[in-house]
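Below: the structure, in structure tokens.
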Amino acid sequence: MQFMREVETIGSGRYPLRVQLAWGAHVSDAFVDRLFELVARFGWGLDHAGYLMACMAFETGRSFDPAQRNMAGSGATGLIQFMP
């Protein structure tokens with residue numbers, strides 16, 4: 001099972017930067033694009049994209065389903081398991 005995917009970051013100009021994205025093989029290109037937009041909006045470094053992907057993998061049981069409900073019954077939902 002492949003967990004990493006090499007992706008080009010957005011807005012990198014003439015020489016696109018390629019990075020290994022943790023869990024990137026499990027999500028669509030559109031998901032990756034939105035992830036990098038979010039990271040850029042917060043002013044985070046590229047390594048934070050991998051940290052965020054690892055968090056979402058853990059919280060969703062590796063499904064990356066935004067409707068995922070917490071399996072322990074806490075009522076939390078989503079990629080980062082927000083509470084009601």
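The values are calculated or read from the model by the stated rules, or taken from the named source; none is laboratory data. Since the model is a prediction, treat every value here as computed from it, not as a measurement. Glycine also receives a Cβ, built like all others from the backbone with ideal geometry; neighbour counts cover every protein chain displayed. The accessibility values were calculated without ligands, DNA or RNA, using every heavy atom of the protein model including side chains. Shrake-Rupley method; radii C 1.70, N 1.55, O 1.52, S 1.80 Å.
Going by the structure shown, is Leu46 under 11 Å from the mean Cα position of the chain (by Cα) and surrounded by 13 or more Cβ atoms within 10 Å (Cβ to Cβ)?
Criteria not met by Leu46.
Is it true that some residue in segment 23-42 is over 10 Å from the mean Cα position of the chain (by Cα) and at pLDDT 90 or above?
Yes: segment 23-42 contains one or more residues that are over 10 Å from the mean Cα position of the chain (by Cα) and at pLDDT 90 or above.
Quick check on segment 52-84: of everything there that is open to solvent by 80 Å² or more (accessible area, probe 1.4 Å) and touching a residue at least 12 places away in the same chain (Cβ under 8 Å), which residue is nearest to Gln20 (Cα to Cα)?
My answer is Arg62.
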